[in-house]
Amino acid sequence: MRKNLKEARQKAGVTQKEVAEYLGMTERAYQRIESGERLGTIETWDLLEDLFHIHQRTLRENSTD
């Protein structure tokens, strides 16, 4: 799981569906990125960095829990 990405989304007060709509993808596609099942494109990470104002390298970190 990408704990930092999930925490950033929750701190921003947005749902997975809202983030998916912002990114122009399905909610399930975003869920796979947040869970670490899917990498996502550079463009996706650029948008997430802009949305959450957190460097994408930090957002992309996978946790082991």
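The values are calculated or read from the model by the stated rules, or taken from the named source; none is laboratory data. None of these values were measured; they are calculated from a predicted model. Please note: Cβ atoms are built from the backbone with ideal geometry, for glycine as well, and neighbour counts cover all protein chains shown.
What is the number of the single condition among (1) in a helix (DSSP H, G or I); (2) surrounded by fewer than 14 Cβ atoms within 10 Å (Cβ to Cβ) that LEU48 does not meet?
Unmet for LEU48, out of (1) in a helix (DSSP H, G or I); (2) surrounded by fewer than 14 Cβ atoms within 10 Å (Cβ to Cβ): (2).
Every residue in the range 1-31 that is loosely packed, with under 14 Cβ neighbours inside 10 Å and of a type in the set (Ser, Thr, Tyr), please.
Correct list: THR15, THR26.
Let me confirm something: among ARG28, ARG9, ARG32, which residue is in contact (Cβ under 8 Å) with a residue 24 or more places away in the chain and in a helix (DSSP H, G or I)?
Just one listed residue meets the conditions, ARG9.
Looking at GLY24, is it at pLDDT below 95 and either at positive phi or acidic (Asp, Glu) (or both)?
No.
Can you say whether THR44 is among the β-branched types (Val, Ile, Thr) and farther than 20 Å from GLU61 by Cα, as far as the supplied structure shows?
No; evaluated as a whole, the condition is false for this residue.
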